[in-house]
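Visitor: Next up is a structure, given as structure tokens.
Quick note: the coordinates plus some simple rules give every number you see, no bench work behind them. Bear in mind the structure is a predicted one, so any value in this text is a computation, not a measurement. Reconstructed Cβ throughout: ideal geometry from the backbone, glycine too, with neighbour counts over all protein chains shown.
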Amino acid sequence: MNRQRLATTAAFFLAGAVLGYAILAAGPLPAIAALIFAILLLRRLNDLPEQPGSYLVGLGLAGAILLFLVVVGCRRPSCQFDALTPATLVFFLLVTAAGAWLLTRAAQKGRFAG
């Protein structure tokens, strides 16, 4: 097990989770920052697939969990959410799936092996 690579992967996961929360809490500026960060990470996809993968998993999971809690916790008629909320939830789930695919690809390449 490569501990340094695992620690780096965990750090990118946490960065993604923080930005996933910030997107929903603060609006468009964190979304732009998250997009720029994702583009920069995806440019290094062939060399380090575990970094963008873990970032996307963190980003997607944080957003999906928060939106899921909003949708499930909303009781009609006193609570209403935007019509785009379920579509955004699906988007965050797709981001999570893409990140999981990248992490699987990194594991298949032996990126986490000693």
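Visitor: So how strong a dipole does region 3-108 carry about its Cα centre when Lys and Arg Cβ are +1 and Asp and Glu Cβ are -1, to the nearest 20 debye?
Guide: Working: 7 positive and 3 negative charges, 27 e Å.
With Lys and Arg at +1 and Asp and Glu at -1, about 140 debye.
Visitor: So, one more: Consider the candidate values (i) 21, 17, 13; (ii) 26, 17, 11; (iii) 30, 14, 11; state which one is semi-axes √(5λ) of the Cα gyration tensor in Å computed from the structure displayed.
Guide: Label of the calculated value: (iii).
Visitor: Still on this model: With point charges of +1 on the Cβ of Lys and Arg and -1 on the Cβ of Asp and Glu, referenced to the Cα centre of region 3-108, which listed residue (Leu61, Pro28, Phe92) lies farthest in the positive direction of the dipole?
Guide: With unit charges placed on the Cβ atoms, the residue in question is Leu61.
Visitor: Show me, for region 8-24, the HN-Hα J-couplings you get by feeding each phi into the Karplus relation (A = 6.51, B = -1.76, C = 1.60, θ = phi - 60°), rounded to Hz, glycine and proline as x.
Guide: 5, 4, 5, 5, 5, 4, 5, 4, x, 5, 5, 5, x, 5, 5, 4, 7
Visitor: Hey, fewest Cβ within 10 Å first, where do Tyr55, Tyr21 land in order? If you can, show how the numbers build up before the last one.
Guide: Numbers: Tyr55 29, Tyr21 17.
In order of increasing Cβ crowding within 10 Å: Tyr21, Tyr55.
Visitor: For the chain, what does the helix formula give at 222 nm: sum of -39500 (n - 2.57) over DSSP H segments with n ≥ 4, over the residue count, nearest 500 deg cm²/dmol? Please list the in-between numbers first.
Guide: Details: 4 runs with 87 residues, N = 114.
Here the helix-only value at 222 nm equals -26500 deg cm²/dmol.
Visitor: Would you list Thr8, Thr96 from fewest to most Cβ contacts within 10 Å?
Guide: On the way: Thr8 15, Thr96 22.
Placing the least packed residue first, the sequence is Thr8, Thr96.
Visitor: Give me a comma-separated list of calculated 3J(HN,Hα) values for region 97-114, in order, Karplus coefficients 6.51, -1.76, 1.60 applied at θ = phi - 60°, integers in Hz, x for any Gly or Pro.
Guide: For region 97-114, the Karplus curve yields 5, 5, x, 5, 5, 5, 5, 5, 4, 5, 5, 5, 6, x, 5, 9, 6, x Hz.
Visitor: Net charge within 15 Å of Leu56 by Cβ-Cβ distance, Lys/Arg positive one each and Asp/Glu negative one each, not counting Leu56 itself?
Guide: Its environment carries a net charge of +2.
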